[in-house]
1. Working carefully through the options 212, 159, find the one that is buried (at least 18 other Cβ atoms within 10 Å of the Cβ), touching a residue at least 40 places away in the same chain (Cβ under 8 Å), under 30 Å from residue 147 (Cβ atoms) and not hydroxyl-bearing (Ser, Thr, Tyr).
2. Search region 92-104 for residues that are closer than 21 Å to residue 132 by Cβ and pair each with any residue that is aliphatic (A, V, I, L, M) and assigned to a loop (DSSP other than H, G, I, E, B) when their beta-carbon atoms are under 8 Å apart and the residues are at least 6 apart or on different chains.
3. Could you list, ordered by first residue, the pairs with Cβ atoms under 8 Å in which the first is in region 37-63 and hydroxyl-bearing (Ser, Thr, Tyr) and the second is exposed (fewer than 15 other Cβ atoms within 10 Å of the Cβ), at least 6 apart or interchain?
4. What are the residues in region 27-58 that are of a type in the set (Asp, Glu) and surrounded by 12 or more Cβ atoms within 10 Å (Cβ to Cβ), if any?
5. Spot the failing condition for residue 284; the list is (1) farther than 26 Å from residue 187 by Cβ; (2) without any contact (Cβ under 8 Å) to a residue 40 or more places away in the chain; (3) outside any helix (DSSP H, G or I); (4) open to solvent by less than 20 Å² (accessible area, probe 1.4 Å), and only one is missed.
6. Across region 115-153, what is the total count of residues that are touching a Gly at 6+ places or on another chain (Cβ under 8 Å) and outside any strand (DSSP E or B)?
7. Being more than 14 Å from residue 56 (Cβ to Cβ) and either in a helix (DSSP H, G or I) or more than 19 Å from the chain's Cα centre (by Cα) (or both) is the filter here, so list the residues in region 12-29 that pass it.
8. From the list 175, 164, exactly one residue is farther than 30 Å from residue 255 by Cβ and surrounded by 15 or more Cβ atoms within 10 Å (Cβ to Cβ). Which is it?
Amino acid sequence: MNVTIDVSSAINGKAGLGRFARTLARSIADQHPNQVHLFANRTSQSQIPPELAGLPIKMIRAGYKPWRMAVLLAQMAHLSMERYLPPGTDVYHATEHLLLPMGRAASILTVHDLIYRLFPEYHKKLNYHYLNLAMPLFVRRADHVITVSQSSKNDLIRLYGTPAEKISVIYEAAAPHFSPQPPATVDDIRRRYRLPDCYLVSVGTIEPRKNLTRLVEVLSILRRDDPALALVVVGSEGWLTQGFHAAIEQFGQQEAVILPGYVPDEDLSAVYAGALVNVVASVYEGFGLPVLEGMACGIPTVCSATSSVGEIAGDAALTF
């Protein structure tokens, strides 16, 4: 059986989705040599990550928005796009929220979350309208659906009436390199990223659902008793970030909030390990991978009890 995995998110630098796609593709390829091929829509900024080097990949080049519209229109018109995949594909796995319509091949769709439906105010309007129109269709047309948490499966059943037997829950896991780090390594990363001795860490793209505005307010309260405490927010700027930056100004935390931006995996373990506490304050996550990453690095985790975050934390974290 020949499996084609869409790794567009991995080569186009989409943080969590990209990590999911590249890790899944590499792991399956290692277990089933010569049966896994990759597919991607590349842009001018695309780069093949080291984990995928050497794997056969077929790429097309199309703009991000035109490609998404082409896929949706093809789905609506029942036109197969199988010709874009490597020849002989038996199963096509869409790892982000974009499902090419198939002809002969079976299709699997991974649904990470339904944030656009539950919290439309956290999305750009065009993206919200696209997903609200496209996702119900993609879910219906997929031969099988994977969710990364029971929470997301429940959302699909409740909001789209998807039959429970059509959905499999397959949890994610922290990558093996997330582990406690030697003090010398932590000290080196502190110097390189100019991190303080005492900090909370929050990892993820900066966007409204991460609840960082409230976290900055909490930081301002905690620093009344511990002025040396800081907050390190690891992640690229996402969308609708004005409220977060306004909160930093409003609560006077300009010196206490540190924004190193995106941190590569080889450094991220030590950033976690050097923190006092790992905080995942999100109001909603399809799967809160930073919960497991922080735990794997040996630091206490405090997280919200909402959606999948509380589900995966169980009784191993303090929740709110």
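The values are calculated or read from the model by the stated rules, or taken from the named source; none is laboratory data. All values reported here derive from a predicted model rather than from experimental measurement. Don't worry about glycine lacking a Cβ; one is built from the backbone with ideal geometry, like all the others, and counts go over all protein chains shown. Calculation scope for accessible area: heavy atoms of the full protein, side chains included, ligands and nucleic acids excluded. Shrake-Rupley method; radii C 1.70, N 1.55, O 1.52, S 1.80 Å.
1. Of 212, 159, the one residue that is buried (at least 18 other Cβ atoms within 10 Å of the Cβ), touching a residue at least 40 places away in the same chain (Cβ under 8 Å), under 30 Å from residue 147 (Cβ atoms) and not hydroxyl-bearing (Ser, Thr, Tyr) is 212.
2. Short answer, once both residue conditions are applied: 94/100; 94/142; 95/7; 99/142; 100/81; 100/85; 101/79; 101/81.
3. 43/61; 43/63; 43/64
4. Correct list: 51 only.
5. Residue 284 satisfies all of (1) farther than 26 Å from residue 187 by Cβ; (2) without any contact (Cβ under 8 Å) to a residue 40 or more places away in the chain; (3) outside any helix (DSSP H, G or I); (4) open to solvent by less than 20 Å² (accessible area, probe 1.4 Å) except (2).
6. Total satisfying the criteria: 5.
7. Those that are more than 14 Å from residue 56 (Cβ to Cβ) and either in a helix (DSSP H, G or I) or more than 19 Å from the chain's Cα centre (by Cα) (or both): 15, 16, 17, 18, 19, 20, 21, 22, 23, 24, 27.
8. On the way: 164 fails: surrounded by 15 or more Cβ atoms within 10 Å (Cβ to Cβ).
None of the other options fit; the residue is 175.
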